[in-house]
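K.L.:
Can you read through this structure? Questions will come right after.
The values are calculated or read from the model by the stated rules, or taken from the named source; none is laboratory data. Keep in mind that this is a model prediction, so the values were computed, not measured. Cβ atoms come from the backbone with ideal geometry, glycine included; neighbour counts cover every protein chain shown.
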C-alpha cells in the first residue's frame, strides 16, 4: 500500500503522482487529505509555499468530481495568472491515468472572448483570478450553479493584492456550496475576518506547526554592507553560484528595471518581472526563465507567487520586503519539492534589526556571512 493510498487517494491518481516522482506525502497533505476525503466540510489550511498545498486540496477535489456530469463542479481562486495556470497544469498531470476531468483556467490580461468560448466545452473545474471571474459572472458567461467546492488558494496573497471586495462578492454568491477550503501561508487579520464571515463556525483548522511556517530546507543568510557597495556584493555572490539559477527581489518596479540593466551590462543573463508589465511581456520573461535562456529573474513581490520553477538554488533579497509574510513568500521560491536552497539578504547596517524581527516572528535563524 502506498503512502498516498493510506490517506485514501485513489490508485489511478497515485499512478499519476508516481510519474511526477511524488511518493511521500508532505505534512500538510498528510493532515488535510483524509479530512477532505471523509466528508463535506469547510477547512482552513495554513502552510508555507512549496509544501504541496496544490496536491493537498487537488487530490480530494478530483475525487469529488463526477466526470460524466458536464457542469462546473469546483472553483479554485488564485491571486495570479501564473499560479492559476500552474494549478490547472498540476491537476491535469494528476489525472493522466484516470477518467478525464477537464479544468479550465481563466484570468485577466488575456482575451475574455477566447476564455468564454473555452468554457462552452465540457468543464468540471475552473481555476480563476478573482477579477476575471467577476467579469465572467457579470457577463453571465459562466454557470456556477452546480459548484459544490470552492477553494481559495494563497488567500493572503489575494488579500494583499487588493481582492477583498471581489472575494466577498464571490463568497456571497456561492454561500451555499458544501465545501469551502481556504489555504494560506499566513493568516493575517483580513483572512481571519473572511474565515469568520464566510466559512462555517465548525470549519476545521489545520496548521503545519508555527515553527514549520518557513521551509526547513532553506538556509537563511544575511550580509551587511553600505548601500553604495550592494551591487558589487551581489555580483560577488553570483560568481559563487556560477551556473545556478535564482530570483533577486526588489521592492519597486524602478529598482527591478535598474538592477536588471546593471546585471545585463555585466554579461549576466537576466530579465525582470513586475506588476506593471503587459501580460505578454511577463509571459515572455517567465518562458525565457523556464527555458533557461535567462539565468536570473529580478522580481517585485507582486510577481513572487507566480514563480514556480524547480531547481532554483537561491533567492536574493536585494531590498528587504515590506513585511514578514513577503519574506516567507519570496524565500519559498527556492528549496521546492524536497530540495535545498539559500535565501540571502544583502542589507545595510540599519536593517540588521529587521533580520532579528524575522528570526523571532518566523522562528528561523540567520547566519551572517562576510563580504569577500
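K.L.:
Examine the range 148-157 for a residue that is modelled with pLDDT of 95 or more, out of contact with any strand residue (DSSP E or B) (no Cβ under 7 Å at 6 or more places or on another chain) and surrounded by fewer than 21 Cβ atoms within 10 Å (Cβ to Cβ), and state whether such a residue exists.
P.N.:
Looking for residues that are modelled with pLDDT of 95 or more, out of contact with any strand residue (DSSP E or B) (no Cβ under 7 Å at 6 or more places or on another chain) and surrounded by fewer than 21 Cβ atoms within 10 Å (Cβ to Cβ), one finds none in the range 148-157, hence no.
K.L.:
Something else about it: Quick one: which helices (runs of 4 or more DSSP H) sit completely within the range 153-249 and have at least 3 residues that are over 27 Å from residue 288 (Cβ atoms)?
P.N.:
It comes to 155-160, 164-173, 189-198.
K.L.:
Only residues in the range 243-267 that are surrounded by fewer than 21 Cβ atoms within 10 Å (Cβ to Cβ) count as the first member; pair them with residues that are in a loop (DSSP other than H, G, I, E, B), Cβ under 6 angstrom, at least 6 apart or cross-chain, and list the lot.
P.N.:
Close Cβ pairs satisfying both conditions: 244/313; 245/295; 245/312; 251/319; 253/274; 253/276.
K.L.:
Right, residue 295: touching a residue at least 24 places away in the same chain (Cβ under 8 Å), over 20 Å from the mean Cα position of the chain (by Cα) and either in the same structural domain as residue 238 (by TED's automatic domain parsing) or buried (at least 21 other Cβ atoms within 10 Å of the Cβ) (or both) or not?
P.N.:
In short, yes.
K.L.:
Among (1) within 18 Å of the chain's Cα centre (by Cα); (2) free of Cβ contacts under 8 Å to residues at least 60 places away in the same chain; (3) surrounded by 22 or more Cβ atoms within 10 Å (Cβ to Cβ), there is one condition residue 89 misses while meeting the rest; what is its number?
P.N.:
(3)
K.L.:
For residues in the range 252-270 being assigned to a loop (DSSP other than H, G, I, E, B) and out of contact with any strand residue (DSSP E or B) (no Cβ under 9 Å at 6 or more places or on another chain), which is farthest from residue 239 (Cα to Cα)?
P.N.:
252
K.L.:
For the range 273-287, does any single residue satisfy the condition of being touching a strand residue (DSSP E or B) at 6+ places or on another chain (Cβ under 9 Å), part of a loop (DSSP other than H, G, I, E, B) and assigned by TED's automatic domain parsing to the domain that holds residue 236?
P.N.:
yes
K.L.:
Could you look through the range 9-27, keep only residues that are assigned to a helix (DSSP H, G or I) and without any contact (Cβ under 8 Å) to a residue 40 or more places away in the chain, and pick out the one that is farthest from residue 63 (Cα to Cα)?
P.N.:
18
K.L.:
Pick from 6, 104: which is in contact with a strand residue (DSSP E or B) (Cβ under 8 Å, 6 or more places away or on another chain) and free of Cβ contacts under 8 Å to residues at least 24 places away in the same chain?
P.N.:
On inspection, the qualifying residue turns out to be 104.
K.L.:
Please tell me if residue 30 is outside any helix (DSSP H, G or I) and surrounded by fewer than 22 Cβ atoms within 10 Å (Cβ to Cβ).
P.N.:
Details: outside any helix (DSSP H, G or I): no; surrounded by fewer than 22 Cβ atoms within 10 Å (Cβ to Cβ): yes.
The answer is no for residue 30.
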